[in-house]
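S.K.: Structure provided below as structure tokens; questions to follow.
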Amino acid sequence: MSIIFNSEKQIFLLNTPSSTYVIKIHSGKYLLHGGWFKRISHWTDNCSLPLVDYVMSPVPADLHDIEDFSLDSQQQEFPVSGRGDFRTGAIEIQTADGTCTLDLRYDSHKIFKGKPNIEGLPSTYVENDEQADTLEINLYDELCGILVTLSYTVWNSYDAICRHVIVKNTGSGKGKYEGKKIIIKKVMSCSMDFSTSRYKMMTLMGAATRERHPVIRDVVQGIQSVESRRTMSSHQQNPFMALLSYDSTETTGEVFGFSLVYSGNFTALAEADQFHITRAQIGINPYNFSWTLEKGEKFFSPEVVMVYSSNGLNAMSQTYHAIYNNNLVRGTWKNKERPILINNWEATYFNFTPQKIFEIADVAKKVGVEMFVLDDGWFGNRNDDRSSLGDWYVNKTKLPEGLLAISEGIKKRGMKFGLWVEPEMISPDSDLYRAHPDWCLHIDGRDKTLGRHQLVLDLSRDDVVDYLTETLSNVFSSADISYVKWDFNRSPTEVGSATLSPERQMETSHRYVLGLYKLLENLVTRFPQILFESCSSGGGRFDPAMFYYMPQCWTSDNTDALSRLFIQDGTSVVYPPSFMTAHVSAVPNHQVGRITSLSMRGHVAMRGILGYELDLTKMTEEEIAEIAEQVSFYKKIRRTMQFGKTYRLESTWSKTSSAEYTKFCAWQSVSEDEKQIVLTVAWLYPESNVPPEIIRLQSLDENAFYQAAYSTGESKKFSGAELMYAGIPIKFLASYGGSVLVEFQKIN
Ligand code: DGJ
């Protein structure tokens, strides 16, 4: 068992392979946090923060005799506000008397093998009960009858602990509280108090077409936080935060990651207090949120996946990659190599005919592409983005013979067929809107804000979810559809629902997310063979929860190779390459106007799931030959690139004291059997007359030899020790087109 309860000391030790997480019950009542460290086999409890009688620190009435005990100066496990801890509380509930002060005391606990599912929410799962152990601690507010269960799943093969919280209104409060409803105003998925504030906080921020750029800032007294208020996880901030020790790099130092399995409004914060304790929290954003619990009802928070590394950031990333590939993604496509596709969006936008589709498909087939994806514009009267979302029947003017004829035509060419949909949206100019004007999110009497000329369907309603399940099932069965790209192109506004009472309107946003999960669950169950790819104007919903249903995501609408280096590098902090679709597109690039070489566009896209998104019929013979080579080479390295271990040897955000050394980034991917290694080096901006970069590979067999084949045509042999300790010189030459890829094969 990786969870130990020492009843004499009243301490829980949660042991992952290389870490120990400590929880303490103080005076039989208060749940305190003891720290999360590199694994400690013998915990004497003498390293806990001492009880100190600080100036101005209030003492709970029942512990008045222990004068130096103050909730305000302790590391707490799940803090409440209003009883002496003036920092950010983890939970806020309005009780029958209208106040929000809780008194949550330790009540009981349970330790068991395996991991429970979370009702209505996606979460990581165990394949058998031996993979993890779970601790549930019950905290109880006697006066109001509120039971809070803290759930901790400790993994046996990952340095990861998954937490979530269940709130139950037992109805057994005392006197005027008995049987009364309660209103949850805030509940975090976790709260963790670190004994020092000597940390940096890392988050992934950006915008549409500039997603997930890492930002690292000092933790200082006060609150530093990121959030989404968009009813989607968002392009702007990812539901992730890490605390990094001052000395941390990609390979050194302590790192604590917090990744929330949720697709709606979230908040993540680090609060350093007056005594330098740092409180980390992540969970549903209290903004525009409340949840009423009647007697006997429960509320489930989303899961947070917390990862520990004592070997820097890259090790944390590798743990996330493994747990998300193996214990989050489900179904047919789990750990399965993904097809190389051609998507017609940047080739034709809305302007296509069956003939054009087949012309592109003919060339795609010739170069070895495996699937054709028909993007936006195939339905209703859709010829631009002003109409038809909701009318999921074929656009007969554009495709007179229907979808089946297209899918059959693609199949005849030996490729699979995929289709774009944007099911959560409704255009005011659509038959669906004319029939059901109240099916969109809206607030009675207020104007409806449009985004890309569209509104958002109210997925908090069961009738809407049921309608979409049936409508989409019809579409997905109307032709031989192997893949679906599920888009979501605006953030909801006027987040209110026609079916909820005024008291419950602030539940709409979370109910929307729950409705989305229900819809997705219905569809992935009905169509287990379909490969679903999520998308939200690129990577606006690139969060762990979506991968529970859809194993890959369109990383960004920015397809420029250089911009993608930053985006994909930042994304890899939490998410594996098997989640990131990446397409070679035309030059000048449609988003940034930059011209990059075809080889660099290929190399960068190969760091994720390679695809193409350009008009192949307009390319020269040489370019087509180069693409054919890329495709056949990628097929040789695909498994390693998608599912191998990723090392960021030089990341896009690494800093050195001299600008001379910040011009390239390098990734190493190692196959599961460690026999194939692929090194990608790409220059962030090219420079003339520069010396070679010396790249040291990692985690090879130092006594083995590796045969290297360079994209530049060279071939050389190295020992593992040479590659790791001396390093391989890679020189920038304009003729290499901005990047070099080296494939190594272990030869003994
Ligand atoms: C936004 C997506 O990110 C694009 O790839 C494309 O599918 C368009 N939507 C279509 O409207």
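The values are calculated or read from the model by the stated rules, or taken from the named source; none is laboratory data. Everything numeric here is computed off the predicted structure, so don't read it as measured data. Note: ideal-geometry Cβ built from the backbone for every residue, glycine included; neighbour counts use all protein chains shown. In case anyone asks, the SASA skips ligands and DNA or RNA and just uses the protein heavy atoms, side chains included. Shrake-Rupley method; radii C 1.70, N 1.55, O 1.52, S 1.80 Å.
S.K.: Can you work out which of the residues in segment 484-505 that are more than 16 Å from the ligand (Cβ to nearest atom) and of a type in the set (Asp, Glu) is most open to solvent (accessible area, probe 1.4 Å)? Working first, answer last.
M.R.: The first filter runs over segment 484-505 and keeps only residues more than 16 Å from the ligand (Cβ to nearest atom), leaving 492-505.
Those still in the list that are of a type in the set (Asp, Glu) too: 494, 503.
Working: 494: 40, 503: 85 Å².
This residue is 503.
S.K.: Give segment 735-748 a look and list any residue that's surrounded by fewer than 15 Cβ atoms within 10 Å (Cβ to Cβ) and not in a strand (DSSP E or B), or say none. I'd like the intermediate steps shown before the answer.
M.R.: Filtering segment 735-748 for residues surrounded by fewer than 15 Cβ atoms within 10 Å (Cβ to Cβ) gives 735, 745, 747-748.
Hits for segment 735-748 are 735, 747, 748.
S.K.: Out of segment 139-165, which residues are within 18 Å of residue 81 (Cα to Cα) and not in a loop (DSSP other than H, G, I, E, B)?
M.R.: Within segment 139-165, the subset within 18 Å of residue 81 (Cα to Cα) is 139-150, 165.
Of everything in segment 139-165, those that are within 18 Å of residue 81 (Cα to Cα) and not in a loop (DSSP other than H, G, I, E, B) turn out to be 139, 140, 141, 146, 147, 148, 149, 150, 165.
S.K.: Determine if segment 396-416 includes at least one residue that is under 29 Å from the mean Cα position of the chain (by Cα) and at pLDDT 95 or above.
M.R.: Keep residues of segment 396-416 that are under 29 Å from the mean Cα position of the chain (by Cα), which gives 416.
Add one more test, that the residue is at pLDDT 95 or above, and what stays is 416.
Yes, there is a match, as at least one residue in segment 396-416 is under 29 Å from the mean Cα position of the chain (by Cα) and at pLDDT 95 or above.
S.K.: If you don't mind, another one. Residues of segment 612-631 being assigned to a helix (DSSP H, G or I) and either acidic (Asp, Glu) or open to solvent by less than 40 Å² (accessible area, probe 1.4 Å) (or both), which ones? So that I can check it myself, show each step before the final result.
M.R.: The initial filter retains those residues of segment 612-631 that are assigned to a helix (DSSP H, G or I), namely 616-618, 621-631.
Those that are assigned to a helix (DSSP H, G or I) and either acidic (Asp, Glu) or open to solvent by less than 40 Å² (accessible area, probe 1.4 Å) (or both): 616, 621, 622, 623, 624, 626, 627, 628, 629, 630, 631.
S.K.: Can you list the strands (runs of 3 or more DSSP E) lying wholly within segment 201-245 that have 2 or more residues being crowded, with 22+ Cβ neighbours inside 10 Å and under 13 Å from the mean Cα position of the chain (by Cα)? Full working, then the answer.
M.R.: On the way: elements: 213-218, 222-227, 240-245.
Strands (runs of 3 or more DSSP E) meeting the threshold: 240-245.
S.K.: What residue, among those in segment 1-52 that are assigned to a strand (DSSP E or B) and among the hydroxyl-bearing types (Ser, Thr, Tyr), is surrounded by the fewest Cβ atoms within 10 Å (Cβ to Cβ)? I'd like the intermediate steps shown before the answer.
M.R.: Within segment 1-52, the first condition is being assigned to a strand (DSSP E or B), and the residues that meet it are 3-6, 11-16, 19-26, 30-38.
Now restrict to residues that are among the hydroxyl-bearing types (Ser, Thr, Tyr): 16, 19-21, 30.
On the way: 16: 23, 19: 23, 20: 20, 21: 22, 30: 22.
That would be 20.
S.K.: Just wondering, is there one or more residues in segment 398-411 that are part of a loop (DSSP other than H, G, I, E, B), more than 12 Å from the ligand (Cβ to nearest atom), under 20 Å from residue 535 (Cβ atoms) and open to solvent by less than 50 Å² (accessible area, probe 1.4 Å)? If you could, list the steps in order and put the result at the bottom.
M.R.: Narrowing segment 398-411 to residues part of a loop (DSSP other than H, G, I, E, B): 398-401.
From the residues that got through so far, the ones that are more than 12 Å from the ligand (Cβ to nearest atom) too are 398-401.
Those left that are additionally under 20 Å from residue 535 (Cβ atoms): none.
For segment 398-411, residues part of a loop (DSSP other than H, G, I, E, B), more than 12 Å from the ligand (Cβ to nearest atom), under 20 Å from residue 535 (Cβ atoms) and open to solvent by less than 50 Å² (accessible area, probe 1.4 Å): absent.
S.K.: Moving on. Can residue 474 be described as modelled with pLDDT of 95 or more, within 15 Å of the ligand (Cβ to nearest atom) and either under 15 Å from residue 391 (Cα atoms) or in a loop (DSSP other than H, G, I, E, B) (or both)?
M.R.: Numbers: modelled with pLDDT of 95 or more: yes; within 15 Å of the ligand (Cβ to nearest atom): no; either under 15 Å from residue 391 (Cα atoms) or in a loop (DSSP other than H, G, I, E, B) (or both): yes.
Taking the combined requirement at face value, the residue does not satisfy it.
S.K.: So, in segment 353-381, of the ones that are open to solvent by less than 10 Å² (accessible area, probe 1.4 Å) and of a type in the set (Phe, Trp, Tyr), which residue ends up farthest from the ligand (Cβ to nearest atom)?
M.R.: Narrowing segment 353-381 to residues open to solvent by less than 10 Å² (accessible area, probe 1.4 Å): 357, 360-361, 364, 367, 369, 371-380.
Still in the list and also of a type in the set (Phe, Trp, Tyr): 372, 378-379.
Numbers: 372: 14, 378: 11, 379: 12 Å.
The qualifying residue farthest from the ligand (Cβ to nearest atom) is 372.
S.K.: Then there's this: Exactly one condition in (1) away from the ligand (no atom under 16 Å from the Cβ); (2) under 22 Å from residue 537 (Cβ atoms); (3) aliphatic (A, V, I, L, M) is false for residue 455; which is it?
M.R.: (1)
S.K.: Continuing with this model, one more query. Having 1 or more residues that are aliphatic (A, V, I, L, M) is the bar; report the strands (runs of 3 or more DSSP E) wholly within segment 682-734 that clear it.
M.R.: Hits in segment 682-734: 693-695, 705-710, 728-730.
S.K.: Residues in segment 644-654: is at least one touching a Lys or Arg at 6+ places or on another chain (Cβ under 8 Å) and over 24 Å from residue 562 (Cα atoms)?
M.R.: No, there is no match, as no residue in segment 644-654 is touching a Lys or Arg at 6+ places or on another chain (Cβ under 8 Å) and over 24 Å from residue 562 (Cα atoms).
S.K.: Let me ask something else. Within segment 637-647, is even one residue within 23 Å of residue 555 (Cβ to Cβ), basic (Lys, Arg), touching a Ser or Thr at 6+ places or on another chain (Cβ under 7 Å) and open to solvent by less than 50 Å² (accessible area, probe 1.4 Å)?
M.R.: No, that holds for no residue.
S.K.: Would you pick out the residues in segment 335-349 that are open to solvent by less than 10 Å² (accessible area, probe 1.4 Å) and more than 16 Å from the ligand (Cβ to nearest atom)?
M.R.: Within segment 335-349, the first condition is being open to solvent by less than 10 Å² (accessible area, probe 1.4 Å), and the residues that meet it are 338, 340-344.
The answer is 338, 340.
S.K.: While we're on this one: Determine whether residue 306 is part of a helix (DSSP H, G or I), more than 30 Å from residue 181 (Cβ to Cβ) and away from the ligand (no atom under 16 Å from the Cβ). Quick ask: steps written out before the conclusion?
M.R.: Values: part of a helix (DSSP H, G or I): no; more than 30 Å from residue 181 (Cβ to Cβ): yes; away from the ligand (no atom under 16 Å from the Cβ): yes.
No; evaluated as a whole, the condition is false for this residue.
S.K.: Something else: Give the residues of segment 251-289 that are open to solvent by 30 Å² or more (accessible area, probe 1.4 Å) and more than 28 Å from residue 54 (Cβ to Cβ), sorted by residue number. Working first, answer last.
M.R.: First, the residues of segment 251-289 that are open to solvent by 30 Å² or more (accessible area, probe 1.4 Å): 251-252, 254, 274-276, 286-288.
Scanning segment 251-289 gives 251, 252, 286, 287, 288.
S.K.: Still on this structure, please answer the following. Within segment 420-429, can one find any residue that is of a type in the set (Val, Ile, Thr), open to solvent by less than 10 Å² (accessible area, probe 1.4 Å) and in a helix (DSSP H, G or I)?
M.R.: Pass one, segment 420-429, residues of a type in the set (Val, Ile, Thr): 421, 426.
Still in the list and also open to solvent by less than 10 Å² (accessible area, probe 1.4 Å): 421, 426.
Cutting the leftovers down to in a helix (DSSP H, G or I) gives us none.
No, because not a single residue in segment 420-429 is of a type in the set (Val, Ile, Thr), open to solvent by less than 10 Å² (accessible area, probe 1.4 Å) and in a helix (DSSP H, G or I).
S.K.: Ok, one more. Please work out which residue is farthest from residue 594 (Cα to Cα), limiting yourself to segment 513-552 and to residues that are near the ligand (Cβ under 10 Å from one of its atoms) and under 11 Å from the mean Cα position of the chain (by Cα).
M.R.: That would be 540.
S.K.: OK, next. Has segment 323-334 got at least one residue that is buried (at least 18 other Cβ atoms within 10 Å of the Cβ), part of a helix (DSSP H, G or I) and either within 16 Å of the ligand (Cβ to nearest atom) or among the hydroxyl-bearing types (Ser, Thr, Tyr) (or both)?
M.R.: So far as segment 323-334 goes, yes, one or more of its residues are buried (at least 18 other Cβ atoms within 10 Å of the Cβ), part of a helix (DSSP H, G or I) and either within 16 Å of the ligand (Cβ to nearest atom) or among the hydroxyl-bearing types (Ser, Thr, Tyr) (or both).
S.K.: A further question on this structure: Scan segment 201-226 and report the pairs whose first residue is without any contact (Cβ under 8 Å) to a residue 60 or more places away in the chain and whose second residue is of a type in the set (Gly, Ala, Ser) and part of a loop (DSSP other than H, G, I, E, B), with Cβ atoms within less than 8 Å and a gap of 6+ or a chain change.
M.R.: From segment 201-226, the pairs are 219/197; 220/197; 221/197.
S.K.: Can you name every residue in segment 106-130 that is outside any loop (DSSP other than H, G, I, E, B) and open to solvent by less than 50 Å² (accessible area, probe 1.4 Å)? If you could, list the steps in order and put the result at the bottom.
M.R.: So in segment 106-130, the residues outside any loop (DSSP other than H, G, I, E, B) come out as 106-113, 118, 121, 129-130.
106, 108, 118, 121, listed by residue number.
S.K.: Sticking with this one: With a cut-off of at least 3 residues that are touching a residue at least 40 places away in the same chain (Cβ under 8 Å) and open to solvent by less than 10 Å² (accessible area, probe 1.4 Å), name the strands (runs of 3 or more DSSP E) lying wholly within segment 506-585. Don't jump to the end; show me each part of the working.
M.R.: Numbers: elements: 531-534, 552-554, 580-585.
Of the strands (runs of 3 or more DSSP E) lying wholly inside segment 506-585, those with at least 3 residues that are touching a residue at least 40 places away in the same chain (Cβ under 8 Å) and open to solvent by less than 10 Å² (accessible area, probe 1.4 Å) span 531-534, 580-585.
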